[in-house]
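Chemist: Before we start, here is the structure in question, set down as structure tokens.
The values are calculated or read from the model by the stated rules, or taken from the named source; none is laboratory data. Fair warning: this is a prediction, and the values are worked out from it, not measured in the lab. Virtual Cβ from ideal backbone geometry, glycine too; neighbours counted across all protein chains shown. Please note that ligands, DNA and RNA were not included when accessible areas were found on the heavy atoms of the full protein model with its side chains. Shrake-Rupley method; radii C 1.70, N 1.55, O 1.52, S 1.80 Å.
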Amino acid sequence: MDRLFSRSMPDWSDRDAVTEYAAAGAEILGDDPAAARAVAGRIWDRTPGTLPAVQMANQLGMVFGRLDCKPRWRERLAELAMPALVVHGRRDPFFPVGNGEALAWEIPGARLLVLERALWAIPDTAAGEVATAMLDL
């Protein structure tokens, strides 16, 4: 499993790179690489344009759409009974800030911290801001 998450992302604007990335991931998981390559190709072909963010969203959306967790994690957020800080990057190319807002709204008493210059990870320059927000919970 470690190899699955330590791989570099492909060039999302390159159809062949995306389909090979899907095939390699399937092989690591013991799934059929040819089937994964075909699915990734179909997703690529139906996605309008070649903008990397759009291609990435559609490819990863297919992966998230196939997850079948019971009970659904989103339905359990209201059960959380501890202080919660939802940190979200304003520049996240995959999940818009509305996702962070929705999470914070669904967790009782949660606070939302939007990092204006962040993508999907907390930059070193924001560590102090995040730590302060955590201590303020």
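Chemist: Under a point-charge model restricted to the Cβ atoms of Lys and Arg (+1) and Asp and Glu (-1), what is the dipole moment magnitude of the chain relative to its Cα centre, in debye to the nearest 20?
Modeler: On the way: 15 positive and 19 negative charges, 54 e Å.
Approximately 260 debye in magnitude.
Chemist: Stokes-Einstein diffusion coefficient for region 83-137 at 20 °C in a medium of 1.002 mPa s, Rh from the Kirkwood formula over Cα pairs: what value in µm²/s?
Modeler: Numbers: Rh = 11.3 Å.
The estimated diffusion coefficient comes to 190 µm²/s.
Chemist: Within region 30-137, which GluC sites (Glu not before Pro) sit in a loop by DSSP and count at most 10 neighbouring Cβ atoms inside 10 Å?
Modeler: Details: sites: 75, 79, 101, 106, 116, 129; in loops: 116.
Those that pass, being in a loop and sparsely packed, are 116.
Chemist: For the chain, which whole-number percentage of the solvent-accessible area (1.4 Å probe, protein heavy atoms only) is attributable to carbon and sulfur atoms? Kindly include the intermediate steps, with their values, before the conclusion.
Modeler: Working: 5310 of 9250 Å².
Looking at the chain in its full context, I get 57 percent from C and S.
Chemist: Go ahead and estimate [θ] at 222 nm for the chain from helices alone: -39,500 (n - 2.57) per DSSP H run with n ≥ 4, summed, over the residue count, rounded to 500. Working shown, then result.
Modeler: Working: 6 runs with 66 residues, N = 137.
Dividing the helical sum by the residues of the chain leaves -14500 deg cm²/dmol.
Chemist: Please work out the ratio of the alpha-carbon Rg of the chain to 2.2 N^0.38 Å and round it to two decimals. Let's see the in-between values first.
Modeler: Values: Rg = 17.8 Å, N = 137, 2.2 N^0.38 = 14.3 Å.
Here the Cα radius of gyration is 1.25 times the empirical estimate.
Chemist: State the extension gain, in nm to one decimal, for the chain segment bounded by residue 105 and residue 133, taking 0.36 nm per residue of separation less the distance between their alpha-carbons.
Modeler: 8.4 nm
Chemist: Can you work out the accessible area per residue across the chain, with the rest of the protein chains kept in place, probe 1.4 Å, in square angstrom? Could you put the intermediate results ahead of the total?
Modeler: Working: 9250 Å² over 137 residues.
Result: 67 Å² per residue.
Chemist: Within 10 Å of each candidate Cβ there may be at most 11 other Cβ atoms; applying that plus a DSSP loop requirement, which trypsin sites (Lys or Arg not before Pro) in region 14-88 survive?
Modeler: Values: sites: 15, 37, 42, 46, 66, 72, 74, 76; in loops: 66, 72.
Here the trypsin sites (Lys or Arg not before Pro) that fit, given the DSSP loop and packing criteria, are 66, 72.
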